[in-house]
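Notes follow the structure.
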Amino acid sequence: MDIREKFLNYFQSKGHELIASSPLVPDDPTLMFTNAGMVQFKNIFTGEAPIPATPRATSSQLCVRAGGKHNDLDNVGYTARHHTLFEMLGNFSFADYFKKEAIAYAWEFVTGADYLNLPVEKLWVTVHDSDDEAFEMWTEHIAADRIMRFGDKDNFWQMGDTGPCGPCSEIFYDQGAEHFNTPEDVMGGDGDRFLEIWNLVFMQYERNEAGELKPLPKPSIDTGMGLERTVAIKEGVFNNYHSSLFMPYLDKIGELVGTPYNYEAANSASYRVIADHLRSCSFLLAQGVNFDKEGRGYVLRRIMRRAIRHGYLLGLREPFMYKLVDTFVTVMGKQYDYLPSKAEAIKTSMKMEEERFFDTIDAGIKLFNEELEQTTDTFNGEVAFKLYDTFGFPLDLTEDMLREKKIGLDIDAFNTKMEAQKAQSKANWKGTGDAATTGDFKALKEQFDTNTFVGYETTAATAKVLALLDSEFRQVDTVNGNGWVLLDQTPFYAESGGQVGDSGTINGTIQVLDTKKFLDMNLSEIEGKLSVGDTVEAAVDNSRAEVEKHHSATHLLHAGLRAVLGEHIAQAGSLNDDKRLRFDFSHPRPLSADEIAKVEAWVNDKISRNIGANTQIMSVDAAKNAGAMALFGEKYGDEVRVVSFGEESVELCGGTHVGNTASIGLFMITKESGVSAGVRRIEAVCGNAAVEMVKALREELSEIKTELKNQNAMIGIAKLKEQIKTLKGELQAALNSTKKELTAQEINGTTVIVDEIEVGDIKELIDEAKNRYPSIAIMLFQKKGDKVLLACGSKESPIKAGNWIKEIAPVLGGGGGGRPDFAQAGGKDASKIGEAKEKALAYLQANL
């Protein structure tokens with residue numbers, strides 16, 4: 001039985017609109033990840049968004065709980081039901097049906113022969129101890145002695161300290177006293193016998209700031225059923241991981257490890273951790289989250305590295321997670337049809353992260369174990385910080401390892417080191433230069449709502465000054481100097497979607513420096529004198545034309561990258577101004593010179609084809625059906641603006657563009673670089689900026705020809721290289737003729753050389769000596785002006801070069817280090833070479 005499909009079809013038959021799973025990265029600054037089915041409907045429940053035309057909905061929502069307030073990471077793999085990623089089946093009523101229908105729907109689906117068909121004698125129900133109404137409604141379906149009342153802790157739900165809230169009712173499944181019989185295996189206990197499968201939230205109150213509950217005039221319904229646990233019940237297993245949703249992963253992991261999964265084995269939790277983390281990492285990567293040092297990307301890294309460490313515990317010593325992705329796509333790809341096309345990108349990103357961590361995991365675990373040997377109760381927080389900072393061990397991974405040993409952590413010491421690092425970073429931070437986001441904006445919004453942008457049609461307009469703000473964003477009647485103006489209609493584009501805000505003039509003399517959006521109002525920063533009520537002439541300057549060229553070129557670049565590299569390319573950020581463009585995109589590795597050339601040629605080809613721009617306003621569905629590219633997870637209104645250049649580029653975009661690709665002119669990629677793991681950046685120029693760059697390159701080439709004294713630069717460079725080669729040979733011959741014979745002696749069977757040389761390659765001389773003697777320790781000094789270069793080597797001797805040089809370099813006022821076989825350092829005081837030589841010999845005599 002496909003329970004997901006059954007559930008969604010059932011509620012569609014009851015008039016519910018099927019809503020796709022919203023992105024795991026929510027449009028909600030208070031949440032790290034989407035963690036419940038109701039998240040995408042939150043604004044409807046709070047009244048911030050209108051009730052949709054179909055006031056009931058159903059969904060199977062992907063949820064992640066691995067960061068912030070809702071964090072199940074520590075329990076994953078060690079319990080039967082905790083997961084970092086799970087699917088929440090839900091039905092929702094927005095001021096439509098209420099308790100009676102919600103209870104009836106739930107009961108029919110749970111017990112109906114065509115649905116879950118669970119035996120009634122296995123079911124129990126809970127209600128809030130004050131909810132007599134729900135109790136009576138449930139008695140129509142189940143015996144009263146199988147309905148239990150609990151208090152706020154178990155059966156009252158609220159979104160926050162204030163706002164919509166209400167009692168809830170839960171359906172439990174009895175897994176049997178013959179399987180679970182601890183004192184906690186009772187209704188309301190913490191045991192596993194009674195398993196909650198469905199929670200019905202009756203959103204009937206509004207809690208005000210005084211904590212008082214006021215009845216909502218139009219109550220709503222929010223329900224959630226965990227898919228994973230429901231599948232486990234239907235398949236007759238007592239652990240979610242033993243269901244068909246997880247066993248394919250456990251079997252595949254067994255293949256990679258060489259030992260099949262066995263629940264009774266001491267290491268079985270590691271199999272389950274890997275299986276769970278594969279799912280969350282794969283979905284997050286597929287939806288555009290990338291491994292990073294902070295934020296969501298760091299949570300992804302924590303999950304991934306926890307899985308890698310459990311693979312390490314199973315004996316795996318090379319990347320393995322990426323080898324499980326095909327199994328993941330087989331299991332989940334039918335429901336989430338974007339997964340097959342993302343599979344290769346997921347694998348590549350995973351493998352790179354695995355290689356990165358496997359490079360340091362051995363050394364990190366060695367440090368951990370060494371410290372553990374000296375630990376009785378509490379692990380050193382400074383060592384935990386070193387594991388984090390140097391070896392890439394997230395704090396919760398170290399805590400996980402300590403938990404297994406039943407040892408605590410000195411978290412205060414860790415936090416002290418972390419705060420010191422943050423303070424240093426903050427001291428180095430110069431600020432973004434962004435304008436303040438606090439001010440009298442709310443008052444403006446309430447008074448004027450939004451002003452009208454006319455900049456798509458024109459770059460000049462007659463307008464009225466509705467309001468003025470000073471430089472501190474306080475509302476004033478007159479500005480004489482720096483401030484901000486709200487015009488009733490404005491041709492100035494406000495910075496958004498990667499396009500910079502417009503500049504220009506008002507009445508020809510007042511400078512417009514920038515334009516930004518505050519609460520959907522376009523405000524322009526001005527330098528000059530204006531008063532509220534003035535009628536003015538607003539004009540955008542010529543820089544807009546160059547900005548448009550770069551913005552349109554960005555669209556072509558996006559399409560070109562997909563054409564050359566593949567359809568896994570997804571936009572991750574952009575910037576378009578009058579001098580350049582910057583485009584960030586998902587791609588696992590640097591572009592080759594050939595790939596860059598192909599992308600550049602693709603874009604220039606489309607520019608030369610003179611393709612006209614076409615802008616249409618249409619519904620989101622119509623736009624997607626037309627092939628328009630949208631940013632994953634971006635929220636769009638009922639109608640969207642679609643900008644297309646023929647069939648080559650079709651995107652949802654609110655920015656301004658050229659009327660024809662030919663207007664863009666020459667397009668040149670100037671740089672390709674990495675932003676973070678799995679995200680690349682291309683910088684480019686076009687239009688006037690490209691013309692200026694070509695002029696600069698031509699002038700530079702002319703200077704090179706002059707310096708080379710050759711009108712063919714490449715021939716001139718070849719001749720110069722040949723001259724350098726000849727001179728190097730002559731210099732080496734001269735050095736060899738004056739090469740000093742190094743003074744060698746023997747200490748306890750080891751040849752030792754401590755000497756000063758005037759000329760020659762110090763490393764080469766050490767290598768020659770190591771090749772000449774079977775066992776040697778050698779240190780050489782060489783003056784470089786007032787400073788000193790010293791290097792040492794060791795071969796088949798007890799001396800470790802890195803340790804030796806650390807003892808000697810300070811004598812010269814310097815420092816350095818290296819490997820056991822070779823090390824080098826610099827010194828600031830050449831007058832101490834004699835003293836340093838004596839100490840170097842003394843070190844050898846003491847250690848040989």
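The values are calculated or read from the model by the stated rules, or taken from the named source; none is laboratory data. Being a predicted model, the structure only gives us computed values, none of them experimental. Positions of Cβ are backbone-derived with ideal geometry, glycine not excepted, and every protein chain shown enters the neighbour counts. SASA here: full protein model, heavy atoms, side chains in, ligands and nucleic acids out. Shrake-Rupley method; radii C 1.70, N 1.55, O 1.52, S 1.80 Å.
General observations
- Size of electric dipole in the chain: Cβ of Lys, Arg +1 and of Asp, Glu -1, about Cα centre, debye, nearest 20: 3000 debye
- Panel note: the C-alpha atoms of the chain, placed on their principal axes, show extents of 106, 81, 50 Å (largest first).
- Cα-Cα over 32 Å, subset of 6/122; 770/839; 739/800; 42/252; 6/342: 42/252
- Label-reachable residues, the stretch 791-817, where backbone N falls under 19 Å from a point 7 Å from residue 761's Cα toward its Cβ: 791-794
- Backbone HN-Hα couplings from phi across the stretch 749-759 [Karplus 6.51/-1.76/1.60, Hz, Gly and Pro as x]: x, 10, 5, 10, 9, 10, 8, 10, 10, 9, 10
- Accessible area per residue, Å², the stretch 712-794 with all protein chains present, probe 1.4 Å: 61 Å²
- Translational diffusion of the stretch 711-805 was estimated from the Stokes-Einstein equation, with Rh taken as the Kirkwood radius over Cα pairs; at 10 °C and 1.306 mPa s the coefficient is 102 µm²/s.
- Nearest-10 value in Å² for the accessible area of residue 135, using the 1.4 Å probe: 30 Å²
- Among the GluC sites (Glu not before Pro) found in the stretch 26-119, those both in a DSSP coil and sparsely packed, with 12 or fewer other Cβ atoms within 10 Å of their Cβ, are 48.
- Rg/Rh (Cα only; Kirkwood hydrodynamic radius) as it applies to the stretch 449-526: 0.92
- DSSP beta bridges fully contained in the stretch 661-809 are about 75 percent antiparallel.
- Of the solvent-accessible surface of the stretch 523-569, computed with a 1.4 Å probe over protein heavy atoms with every protein chain present, carbon and sulfur atoms account for 41 percent.
- A simple rule links phi to the HN-Hα coupling: the Karplus curve 6.51 cos²θ - 1.76 cosθ + 1.60 with θ = phi - 60°, which for the stretch 482-490 gives 8, x, 9, 10, 10, 9, 5, 9, 9 Hz, with x for Gly and Pro.
- Anisotropy class of the stretch 284-349 from Cα gyration tensor, a/c 1.5 cut: oblate
- Of interest is the spacing of the C-alpha centroids, which for the stretch 471-519 and the stretch 562-598 amounts to 32 Å.
- Of all DSSP-defined beta bridges confined to the chain, some 85% are antiparallel rather than parallel.
- Annotation for the stretch 78-148 versus the stretch 35-69: alpha-carbon center distance of 19 Å.
- Solvent-accessible area assigned to carbon and sulfur over the stretch 1-152 amounts to 49 percent, based on a 1.4 Å probe.
- Stretching the chain fully between residue 268 and residue 662 yields a gain of 135.6 nm (0.36 nm per residue, less the alpha carbon separation).
- Normalised by 2.2 N^0.38 Å, where N is the number of residues, the C-alpha radius of gyration of the stretch 515-572 stands at 1.79.
- The chain, helix-only ellipticity at 222 nm - DSSP H runs n ≥ 4, -39,500 (n - 2.57), divided by all residues, nearest 500: -12000 deg cm²/dmol
- Solvent-free Debye calculation, one equal scatterer per alpha-carbon of the stretch 104-181: log10 I(q)/I(0) at 0.11, 0.27 Å⁻¹ equals -0.34, -1.25.
- Counting only protein heavy atoms and a 1.4 Å probe, the stretch 549-650 has 47 square angstrom of accessible area per residue.
- Carbon + sulfur, % of accessible area of the stretch 192-268 - ligands and nucleic acids excluded, 1.4 Å: 47 percent
- Approximate shape of the stretch 13-68 as ellipsoid semi-axes (Cα gyration tensor, √5λ), whole Å, largest first: 22, 14, 7
- Cα-based helix-to-principal-axis angle, 295-313 vs the chain, degrees rounded to 10: 80 degrees
- The GluC sites (Glu not before Pro) of the stretch 691-763 meeting both criteria, a DSSP state outside H, G, I, E and B (loop) and at most 13 other C-beta atoms within 10 angstrom of the site's C-beta, are 741, 758.
- Working note: Debye formula, equal point scatterers on the alpha-carbon atoms of the stretch 611-746, no solvent; log10 I(q)/I(0) at q = 0.16 Å⁻¹ is -1.03.
- Kirkwood estimate for the stretch 1-142, i.e. one over the average of 1/r between Cα atoms, Å: 17.0 Å
- Per residue accessible area in Å² of the stretch 305-376, where ligands, DNA and RNA are left out and the probe is 1.4 Å: 46 Å²
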